């Protein structure tokens, strides 16, 4: 399926009724990590441990749906992943995160991977709901499962698998044996030098997910 990683993750996050399989914060952490990979692999940014560098002034048309993230990156005074996380997940309104998700959902609708529906609340306020095309989700999940059986997994497939499993999203699509296989594949490749370029993003994602889960547990 010829989609950006962030589009794939956004599509898989959606339930048939338009709600998220994950809570809002975990869903946005997933999407943020995928979007960072899209920008890195397209040479818009470079990431070195905890810092990032802007390499292009403008987004390519093919990634225009990542504008909310790219503009946030450019405007951060300190080009640090920690500052980016704070901006997206711990701001009072979480405006950057909401804008990124909305932009990605709109791109799914434009590509006929989802449809939009306007509903009214009890107070009469209109809200746009994005409903995924479940057949497209099934095709994407089939691709992911197929990657578990290949002798050499591609870089984008590996990071998709890592985001998919560590955020608990995979449990909605994988059985227990598939989950075990996925974790084994990630462990095997994560220490391979061929994949060191994305290790920072995977580690960053796992640490952020863990922090979010701990925070949610404390609040309860």
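Legend: ranking of residues 171, 40 from fewest to most surrounding C-beta atoms inside 10 Å; resulting order 171, 40.
The ranking of 37, 204 by Cβ neighbour count inside 10 Å, starting from the fewest, reads 204, 37.
What the Cα convex hull of region 97-220 gives, in volume per residue, is 162 Å³. Shape descriptor for region 35-96: Rg over Rh equals 0.94 (Cα atoms; Rh from the Kirkwood inverse mean 1/r). For region 6-46, backbone nitrogen atoms closer than 19 Å to the point 7 Å from residue 148 Cα along Cα-to-C-beta are found at 9, 12-13. For region 5-219, the relative contact order works out to 24 percent when only alpha carbon pairs closer than 8 Å and six or more residues apart are counted. Per residue, the convex hull spanned by the Cα atoms of region 1-108 measures out at 100 cubic angstrom. Put in order of Cβ neighbour count within 10 Å, fewest first, the listed residues 166, 135, 50, 151 become 151, 135, 50, 166.
Think of it as helices only: each DSSP H run of n ≥ 4 in the chain is worth -39500 (n - 2.57), and spread over all residues that comes to -18500 deg cm²/dmol at 222 nm. Simple spin-label estimate for residue 214 and residue 75 gives 3.0 nm between the two label positions (7 Å along the Cα-to-Cβ direction from each Cα). Size descriptors for region 5-219, from the alpha-carbon set: Rg then Dmax equal 17.1, 55 Å.
Read the figures in this text as sums done on the coordinates, not as results from a lab. Computed from a prediction, not measured in an experiment: that's the story for all the values here. Using ideal geometry, Cβ is built from the backbone for each residue, glycine included, and neighbour counts are taken over all protein chains shown.
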